[in-house]
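Colleague: My questions all concern the structure below.
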Amino acid sequence: MQRRATRWFPDRSPTWLEVLLGLGAIGQVAITAYTGTLVWRWFGVGFAVFILAMGPASATTAGERFGAWFRTIGVGGRVALIVAFAVVLWTVSLTESVSAATLKSLGLGGLAACLVYFLAFLIIEREVEGWWARDARD
């Protein structure tokens, strides 16, 4: 019988590339927190939103449909979507209606949530396999 929480993680072991990206995430969050440029309230909002999106929300019907769509658009489509999102955030930051520190804090909160998610995934799987996930390469 599958444990409920494991539905939130991929049906594979973590890869070494993910481990390296996780180490980079630790470094980025630690450096930014040390320099004191975070707006902790917005860091918390970003963290909460990402944790909910990667965990419970991803296991819903809508979350599973979005995940399936995101995988079907291929690497090029995913890169284009992420770049478009970054351009929107950059444009918003230029309007000065939202401070750059707020956007940075939201993003780093999300990055910290991704790190916690990955660490939980690593603890559950207890092993790391090759450099690439078999189902991630297009």
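Colleague: Please list 3J(HN,Hα) in residue order for region 115-130, calculated via the Karplus relation 6.51 cos²θ - 1.76 cosθ + 1.60 where θ = phi - 60°; whole Hz, with x for glycine and proline.
Modeller: In residue order, the calculated couplings are 5, 4, 4, 5, 4, 5, 4, 5, 5, 5, 6, 6, 7, 10, 10, x Hz.
Colleague: Between LEU52 and VAL19, 0.36 nm times their residue separation minus their Cα-Cα distance comes to what?
Modeller: 9.7 nm
Colleague: Between THR72, THR60, THR95, which gets the highest mean-square fluctuation from a Gaussian network model of the chain, Cα cutoff 10 Å?
Modeller: Maximum among the listed residues: THR95.
Colleague: Also, I was wondering about something else. What longest region of the chain stays clear of trypsin sites (Lys or Arg not before Pro) that DSSP places outside H, G, I, E and B and that have at most 12 other Cβ atoms within 10 Å?
Modeller: The segment 4-125 is the longest one with no such site.
Colleague: Compute the accessible area per residue over region 40-90, keeping the other protein chains in place, probe 1.4 Å, unit Å². Present the calculation step by step, with values, prior to reporting the outcome.
Modeller: Numbers: 3660 Å² over 51 residues.
Accessible area per residue, region 40-90: 72 Å².
Colleague: In the chain, carbon and sulfur make up what percent of the accessible area (probe 1.4 Å)? Provide the component values of the computation, followed by the final result.
Modeller: On the way: 6650 of 9630 Å².
Exposed carbon and sulfur together represent 69 percent of the surface.
Colleague: For percent of Cα pairs over 19 Å apart, the listed values are [x] 76; [y] 56; [z] 61; which was obtained by calculation from the structure presented?
Modeller: Comparing each candidate, only [z] matches the computed number.
Colleague: Would you calculate a helix-derived [θ] at 222 nm for the chain, using -39,500 (n - 2.57) for each DSSP H run of n ≥ 4 and dividing by the full residue count, to the nearest 500?
Modeller: So the calculated ellipticity at 222 nm is -23000 deg cm²/dmol.
Colleague: Are there any chymotrypsin sites (Phe, Trp or Tyr not before Pro) in region 29-138 that are in a DSSP loop and have at most 16 other Cβ atoms within 10 Å? List them by number.
Modeller: TRP131, TRP132
Colleague: Farthest toward the dipole's positive end in the chain, which of GLN28, THR60, SER99, given Cβ charges of +1 (Lys, Arg) and -1 (Asp, Glu) about the Cα centre?
Modeller: Result: THR60, furthest along the dipole toward the positive end.
Colleague: Let me ask something additional. Quick one: order VAL19, VAL83 from most to least accessible surface, probe 1.4 Å.
Modeller: Reading off the accessible areas and sorting them downward yields VAL83, VAL19.
Colleague: Describe numerically, in nm with one decimal, the distance between label points set 7 Å from Cα along Cα→Cβ at GLU127 and at GLU64.
Modeller: With each label point 7 Å from Cα toward Cβ, the separation is 2.6 nm.
The values are calculated or read from the model by the stated rules, or taken from the named source; none is laboratory data. Note that the structure is a prediction, hence the values are computed from the model and not measured. When we count neighbours, we look across all protein chains shown, and the Cβ atoms used for this are built from the backbone with ideal geometry, even at glycine. The area values use the complete protein model at the heavy-atom level, side chains included, leaving out ligands, DNA and RNA. Shrake-Rupley method; radii C 1.70, N 1.55, O 1.52, S 1.80 Å.
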